[in-house]
Structure formats: C-alpha cells, structure tokens
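This report refers to the structure that appears directly beneath it.
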Amino acid sequence: MTVPKLALSDNTGEALAKTRADVVVIGTLAGEDGPLLADGAAAVDAAFDGRLAGLLATLGASGKAEEVVKIPTLGKLPAGVVLAVGLGKAGDGVTPEQVRRAAGAAGRALAGTDRAFVTLSELDLQAAVEGTVLGAYVFTAYRSEKGDAPVAKVDFASPADGTSREHKATLKAATSIAEAVITTRDLINTPPNDLYPASFADRAKKLAEDNGLEFEVLDEKALKRKGFGGILGVGGGSSRPPRLVRIGYKPAKAAKKVALVGKGITFDSGGISLKPAANMDHMTSDMSGAAGVLASVVLAAKLKYPLEVVAHIPLAENLPSGTSYRPGDVLTMYGGKTVEVLNTDAEGRLILADTMVRAAEENPDYLIETSTLTGAQVVSLGHRTAGVMGSDDFRDRVAGVMRATGENGWAMPLPEELRADLDSRLADLANITGHRWGGMLAAGIFLREFVADGLDWVHIDIAGPSFNTGAPWGYTGKGGTGVPVRTIAAVLADIAANG
Ligand code: BES
Ligand code: MN
Ligand code: ZN
C-alpha cells in the first residue's frame, strides 16, 4: 500500500472555512460527566457555537478510547462531517500512545473518505501522523473486491508550539517511520507461496538499490562453501533453497555501528517435527523479524542516522520432505559450534545462530536481533508485549524505549540454570531443553551461546506482537503489525544521540 498524501495546515476558523477536506477529525477525552473536547477542537467547536461537547454527549459519546462518533456539519463547515474520536482519560496530559491509538481508530474509520483534516496533531504531531497512516493501512493485493479505499489525503493541524521548520521535519520523519512499518506489514502479509527465500531476497535487493544501500546475497552454494550449517539444515527440506542477505547503510560519519538480525522463516511448518494443522497458516508471519530489520535499515538511510547500520537476514522455508533435516541430526554451525537437533520446529534459533556469528565478524557496537521465536513468548506475555532479553544494560534500555514507543516490551532474564538443560549427548549443545519451562528464556540462552563475548546485544521475541490474529485495534489492523520497527528506529535514534 502507499501512504496517503500528507500536509500541514493551520487550524483556525479561517483555515477551516477554506479546507477542502471531507471530514474533520477532533479528539475527545473521557471526563467525569461525559466527553470533553481535546486540544485542536476549538475552531470546530466555535463553528458549532461552542455546543460540540453537549452535542456529543447527546449522541451518547463518552470520550472513551477509540470511540468514533460522526456528526454532520449541516453547512457550519465546508467539510460535511466532524469525526470525534476518543482518547480516553487524560492523566497528567494525554500520552503519545493515546494520540496514536485514537488517530489509528480515526484512520480506520476514514476508509472511503478522499480527504481528511486531522486536529489530533495539536496534541502530538508525530503520534497523530503515525497513528492515522497506520490505522488507514489495508492489505488488499490478493482481493478482487478492494472495498472502501483508505483515505487518500490528510492535512494535519500544526501544533501551537515549535516552528514550521520543526513541524515539517517531524512530518517527514513520522511519514518515513510509518512507511517502514507498512513495508514490514506488506512483507508479512504476502503469502508464503509468493514470499520465499529467493523472492524475499529480490525484494530486499530492490529496496537496497532504490535507497543506495550495500547489498549482498549468499545462495545455497555460497552458504555451503562458507559453512552456514544452521541455515542450510533448516532450509534443506524445501525445494526453494535458503539465502542470507546483507544490506548495509554506511554514512560518511558514523559514530557507532549497529548490526540488525531478523528471523526470516518464510513459512514454518515445523518440518519433520510437524506442527498441528490448527493455525499453521499463521506461520506465514515467521519472517516478521526479517521484514522488520530490512525496513529498519532502509529507514536508517532515509532518516540519515549518523550510524552504520547493517541488517543480516537469514531466509529459509521449514518444510518436511525427503531432503529435510531430522531430529537427531548434528549441524555444524557457522563459526564451528555443533548443535544436535532434537526438534526441527526449533528452527529459528538455528538460522539466527549462524547469522549472529556472521554479524559479529564486522565488530558492531550493538547487536539487535528480533524474531518470532517461541510460542512460550505468547504464553508468558500475551499478544501485545514482546519479550526482551540480552546483555543487562542494553536489554533494559531497549525494553524502556519499546514501552516509550507504545510497542511494549518487557525485560526478561536468561536464567543460568537453563544452560545445562541444553547440553547434548553428542554435540556442543542441543536446540531444545526437552521440557516446556521457560521456553522463551531457553531460546534466549541458546542464542547467547552464539554472541561474541562483551558485545552489547538484545533479542526481542515478537512471536505474539508481530501478527494480529484478532480484531483491529488502535492503529493495528489484522495481520502483520510491523512491531518492532518503531522500537528499532527509536533505539537507533537513541544510540545516535547518546552513544
Ligand atoms: N515460529 C515458531 C514460534 C511461534 C509460535 C511464533 C507461535 C509465532 C506464534 C518457532 O519456530 C517454534 O516453532 N518454536 C517452538 C519451539 C519449541 C519446539 C522448543 C515453539 O514455540 O513451540
Ligand atoms: Mn518452528
Ligand atoms: Zn519458527
């Protein structure tokens, strides 16, 4: 999908009297005795002679989060409709995430509208832009009937504070961030018959070329030559062979070097340790980490971060066949460690181990790895909170940033006693513990074995948060969500600012 055409606008009575928007979006807050108007609604309220809040109350509005109420303007404004969206209760002010979710709900409700004027940006411009664009997102590439088109043009009310130059810069950054999330969602939502290792690599190559990035892809022959036993083992069961993509952004002056690694299983059937049939289709999303880091390195280039950012993306399809790897196999990983495969469905950690060793060869200052790694993540933290593991300080920093972005992550430990449970009868380690307990953490412990000593690293398990199998909410529709792209963007910005 393409992003709507976005612009900034004044939010005065005169501006409203001239707007060519079809719908004006205002925010409401949940007050003690009914809805209150949020900042940004004053000019619209004036056109209604100050009676807007009362009118909304009459219609049963409360201002609760994501409530959408539409009022015809009956000639009071050239726009035909005022769309009031709930922000919920204002605590010490309205948070960016409240604005993002309300804008998302409005973005969804604007389907079929040509042009909208959004005033939520007076509360927070970046959050309003991200929320509106992401809420408006739909993936209809595979439908004959596309339904109502997403809103095509959006004008955002300029916030009262800050200069117009600053607002333009914020609009541009927020647009690029939303585009990166959409690129990620599009990749996740593309079905596995069309998105497989080679076709993913082709799409990465196109993005690299369009954005002037370094690009390299290893095919199965090169992977064999160089000894990527994990990627080759996992990818061996599919007629569509594995790949390893490297895509790099290197500005003239880079203060730090950040390696990104994302799990790219284009479909995870479990392999010989076959998954049950129910919901196996969700495993089309098992390349969410790969999509996220690909979009993130492109974003780093677009936003010209003063950092070297390199994404390493292992791509494989995990299928059962006569050429599959089997439970009992021992794989020699990139770098030489050996792993006994006890379950072919614990495949993500195998392709990631190879890739994390490869990434560390370039001596990055930080390693950020993200993957739909374990069902245990969903058991522990649910569908909307990622599990964040890694070296203590960097893990806590990333988890904090993740909550600030509204993507939500929680720091999780790597309990030392679980390491012994990965001991193997034959090899340096096994790919599973043989029990269910702490499954998310055990996967993190496995990965840690492949991280260079002293490297600041983080593993973000996004099994739940990357793919929405429920109803749309806030700025998140069904399917791929784009988590953790906004977190990676914010962590990169934080590293650029603070080292
Ligand atoms: N891709 C799955 C994890 C997953 C599960 C992601 C549900 C999203 C939703 C991963 O490859 C997997 O199968 N993990 C196994 C590991 C187990 C065999 C130790 C799991 O979690 O069951
Ligand atoms: Mn699996
Ligand atoms: Zn998987």
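Every read-out reported here was derived from the displayed coordinates using simple, explicitly stated rules and does not represent laboratory data. All values reported here derive from a predicted model rather than from experimental measurement. We place every Cβ from the backbone using ideal geometry, glycine too, and count neighbours over all the protein chains shown.
If the segment from LEU426 to THR338 were pulled out straight at 0.36 nm per residue, it would be longer than the present Cα-Cα gap by 30.8 nm. Taken over region 143-268, the percentage of Cα pairs per 10 Å bin, counting from 0 up to the bin with the maximum distance, is 9, 29, 29, 21, 9, 3.
Fewest-first ordering of LYS304, LYS337 by other beta carbons within 10 Å of each residue's beta carbon gives LYS304, LYS337. For the chain, what relative contact order do you get, as a whole percent, if you take Cα pairs closer than 8 Å and at least 6 residues apart? Value for the chain: 14 percent.
Over 31 Å apart at the Cα level, from the set LYS206/LYS275; LYS70/LYS172; LYS168/LYS206; LYS5/LYS206; LYS226/LYS250, are LYS206/LYS275. Overall size of region 327-447 from C-alpha positions, given as principal axis extents largest first: 44, 35, 23 Å.
Using alpha-carbon positions, what is the distance between the centroids of region 453-473 and region 206-251, in Å? One Cα centre to the other: 22 Å. Residues whose amide H comes within less than 5 Å of that of THR374, counting only those at least five positions distant or on another chain, are ALA463 (H built at 1.01 Å from N in the peptide plane). Taking 23 Å as the limit for the C-alpha separation, the pairs LYS18/LYS153; LYS18/LYS146; LYS224/LYS256; LYS224/LYS337 exceed it in the case of LYS18/LYS146; LYS224/LYS256. With all projection directions averaged, the alpha carbon convex hull of region 136-197 covers 5.9 nm².
Could you give the longest part of the chain that holds none of the chymotrypsin sites (Phe, Trp or Tyr not before Pro) found in DSSP loops with at most 13 neighbouring Cβ atoms within 10 Å? Intermediate values should be presented prior to the final figure.
On the way: sites that count: TYR142, TRP437.
Value returned for the longest uninterrupted segment is 143-436.
Rounded to the nearest 5, the antiparallel percentage of DSSP beta bridges internal to the chain is 40%.
Just the ratio, please: alpha-carbon radius of gyration of the chain over 2.2 N^0.38 Å, N its number of residues. Present the calculation step by step, with values, prior to reporting the outcome.
Details: Rg = 23.9 Å, N = 499, 2.2 N^0.38 = 23.3 Å.
Rounded to two decimals, the normalised Rg is 1.02.
Taking 0.36 nm per intervening residue step and subtracting the Cα-Cα distance, what contour gain separates ASP194 from GLU449 on full extension? Each step should come with its number before you reach the end.
Working: separation 255, 0.36 × 255 = 91.80 nm, distance 3.39 nm.
Answer, rounded to one decimal: 88.4 nm.
Can you give me the relative contact order of region 1-87 as a percent, contacts being Cα pairs under 8 Å and 6 or more apart?
On the way: 144 pairs, mean separation 30.8, N = 87.
Once divided by the residue count of region 1-87, the mean separation gives 35 percent.
The modelled label-to-label distance for the pair GLU145/TRP437, using points 7 Å beyond Cα in the direction of Cβ, is 5.4 nm.
Could you work out the helix-only [θ] at 222 nm for the chain, with each DSSP H run of four or more residues adding -39,500 (n - 2.57) and the total divided by the number of residues, to the nearest 500 deg cm²/dmol? Walk me through the numbers on the way to the answer.
On the way: 15 runs with 171 residues, N = 499.
When only DSSP H runs of four or more count, the value is -10500 deg cm²/dmol.
Select from region 1-59 those trypsin sites (Lys or Arg not before Pro) which occupy a DSSP coil region and have at most 12 other Cβ atoms within 10 Å, ordered by residue number. Within region 1-59, the qualifying trypsin sites (Lys or Arg not before Pro) (loop, at most 12 other Cβ atoms within 10 Å) are ARG20, ARG51. Taken as Cα centroids, region 5-45 and region 359-414 sit 38 Å apart, rounded to the nearest whole angstrom. Here the Kirkwood formula puts the hydrodynamic radius of region 5-161 at 15.3 Å, using every distinct Cα pair.
For the chain, a crude dipole built from +1 on the beta carbon of Lys and Arg and -1 on the beta carbon of Asp and Glu, taken about the Cα centre, is about 1040 debye to the nearest 20. Between VAL151 and ALA111, GLY112, THR113, the built amide H atoms are under 5 Å apart, and every one of these is 5 or more places off in sequence or on another chain. The modelled label-to-label distance between ARG165 and VAL379, using points 7 Å beyond Cα along the C-beta direction, is 5.6 nm. Value of Rg to Rh for region 247-405, rounded to two decimals, is 0.99; Kirkwood radius and Rg both from alpha-carbon coordinates. Couplings for region 75-88, taken from phi via the Karplus curve 6.51 cos²θ - 1.76 cosθ + 1.60 with θ = phi - 60°, read x, 5, 9, x, 5, x, 9, 9, 10, 9, 10, x, 9, x Hz in order; Gly and Pro are left as x.
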